[in-house]
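Data block below; observations after.
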Amino acid sequence: MTSTVPELEPYFPRHGNDGYRVAHYDLTLGYRVAANRLDGTAVLTAEAEGAEPLGVFELDLSNALRVERVTVQGARVRHTHRAGKLRVTVPAGRPIEAGARFSVEVRYGGTPHLVQSPYGGLGWEQLTDGVLVASQPTGAPSWFPCDDRPDRKATYRVTLTTSAMYHVVANGVLEERTPRGSSATWVYRQDAPMATYLATVQIGRYRSIDLPADIPQQLVVPPRLAARATAAFAAQPRMMQVFEQRFGPYPFAGYTALVTDDVLEIPIEAQGLSIFGSNHLAGGWDNERLIAHELAHQWFGNSLTLVDWRDIWLHEGFAAYAEWLWSEASGQRTADEHARRWHRRLARLPQDLVLLDPGTAQLFDDRVYKRGALALHALRLTVGDDAFFRIVREWTAAHRHGGVRTSDFVALFTGHYAGLEAVIETQGSFFERWLRRPDLPQLPVVI
């Protein structure tokens, strides 16, 4: 059976595949920093989907990396690699039966390059002295073969060998670090299901600092920035406590904030960690809110991950609103003051964005972030604090480590709590106005 790309993800139809579902990625990587040379062996454990036997399937992988060999269930198979698709053909007499588990091993190597997108280069990026991997939304194929769709979560094990002078960070728990002469091998395990775009590797001349907190939290920083970073992230343990009260239990084993020695335009989220630039260490609200924003993504984006990119507001609206919640909890401006200030700003901008389907070009438009936060604040004002945060905690619990759609969110508010439906509808079809129409609604009046 020849696989076809499903219509489920409309914004990036060239990413993602059908016919199978990956349960686990085991990546064994070797990297030479100076040469920017990556050699890898990826073992994917998957299950065949559909009603017919699987004879042909595809993986997403950048053509900057050369595929040396592909095996399925230990047997070498034919493959082609064109236009970012690795096409694997199983021998005609031995198709993979529907529902059967199988393994695919891909050996590959080369000089990794950023994957081009409407938002610039994505994925594996060589820094001044190290590596940063930031893949949202479609950069994962820059460094490993995958089924690059946000709804296809899997567990991971990443083993990376590089020069011993470098510190390596990847998603999940560090299982071991083994020095071997001038090199060292780092092994990380991510047991919580993770979308491909959230998988990351960070390599640099870093040191690790533990923050005093109930949930394990680390700062990974260049030694020269250790004092500044410790001061900049001093409030993060308290942020974690505030967000657990508002959103429910933190969904992962720990959290790492990594600061590169390079300047970054914006911080970057990954599962279980966030990446900041050396320019994000100054005091003041502008950087404090970024720390809150990236931490909130661990609930909204990483644990609860959109099924397709049209629902980006479920990530960015919550993360932007978390900034205002932290401001309120820390004795600065209230969330309502932030909301009304931003409402005035957005009201002066073009009214041509539909929050529920902003389009590829406007996927990361600041109006998606701020209008998403305004919609949440309006909902909070409509149903009251107790109901709002109770339902949000149920939202994060019900979909922990899963995929979400806006329809799930709306159903939870208007269906599961039947008494709230009448309250919301008296406001004039709340979700229709905030999510499906371009004109910015008025915020409810605070009495």
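Summed over region 117-133, residues that are of a type in the set (Ser, Thr, Tyr) and over 18 Å from the mean Cα position of the chain (by Cα) total 1.
On inspection, Glu328 fails the criterion of being in contact with a strand residue (DSSP E or B) (Cβ under 9 Å, 6 or more places away or on another chain), charged (D, E, K, R), assigned to a helix (DSSP H, G or I) and free of Cβ contacts under 8 Å to residues at least 40 places away in the same chain. Please identify the pairs in which a residue from region 87-103 that is farther than 20 Å from Ala23 by Cβ has its Cβ atom under 9 Å from the Cβ atom of a residue that is of a type in the set (Ser, Thr, Tyr) and not in a loop (DSSP other than H, G, I, E, B), counting only partners at least 6 apart or on another chain. Within 9 Å, the pairs are Arg87/Thr80; Thr89/Thr80.
Checking the condition buried (at least 23 other Cβ atoms within 10 Å of the Cβ), of a type in the set (D, E, K, R) and either touching a residue at least 12 places away in the same chain (Cβ under 8 Å) or on the phi < 0 side of the Ramachandran plot (or both), which residue from Asp129, Asp151, Asp147, Asp191 passes?
Numbers: Asp129 fails: buried (at least 23 other Cβ atoms within 10 Å of the Cβ); Asp151 fails: buried (at least 23 other Cβ atoms within 10 Å of the Cβ); Asp191 fails: buried (at least 23 other Cβ atoms within 10 Å of the Cβ).
After applying the criteria, what remains is Asp147.
Which one is surrounded by the most Cβ atoms within 10 Å (Cβ to Cβ) among residues in region 214-241 that are among the aliphatic types (A, V, I, L, M) and more than 21 Å from Ala253 (Cα to Cα)? Checking each candidate, the answer is Ala232.
Taken as a whole, the structure places Arg32 among residues that are basic (Lys, Arg), in contact (Cβ under 8 Å) with a residue 24 or more places away in the chain, surrounded by 13 or more Cβ atoms within 10 Å (Cβ to Cβ) and in contact with a Ser or Thr (Cβ under 9 Å, 6 or more places away or on another chain).
Filtered by the rule that a residue be hydrophobic (A, V, I, L, M, F, W, C) and within 18 Å of Tyr156 (Cα to Cα), region 25-80 gives Leu27, Leu29, Ala42, Val43, Leu44, Ala46, Leu59, Leu61.
Give me the residue from region 397-423 that is β-branched (Val, Ile, Thr) and at pLDDT 95 or above and, out of that set, surrounded by the fewest Cβ atoms within 10 Å (Cβ to Cβ). Only one residue tops the list, namely Thr406. Every residue in region 273-288 that is farther than 15 Å from Thr260 by Cβ and outside any loop (DSSP other than H, G, I, E, B), please. Across region 273-288, the qualifying residues are Trp285, Asp286, Glu288.
Does Leu160 satisfy the condition of being surrounded by fewer than 23 Cβ atoms within 10 Å (Cβ to Cβ), within 22 Å of His113 (Cβ to Cβ) and modelled with pLDDT of 95 or more?
Numbers: surrounded by fewer than 23 Cβ atoms within 10 Å (Cβ to Cβ): no; within 22 Å of His113 (Cβ to Cβ): yes; modelled with pLDDT of 95 or more: yes.
No, not satisfied.
The values are calculated or read from the model by the stated rules, or taken from the named source; none is laboratory data. Since the model is a prediction, treat every value here as computed from it, not as a measurement. Methodologically, a virtual Cβ is constructed for each residue, glycine included, from the backbone with ideal geometry; neighbour enumeration extends over all protein chains shown.
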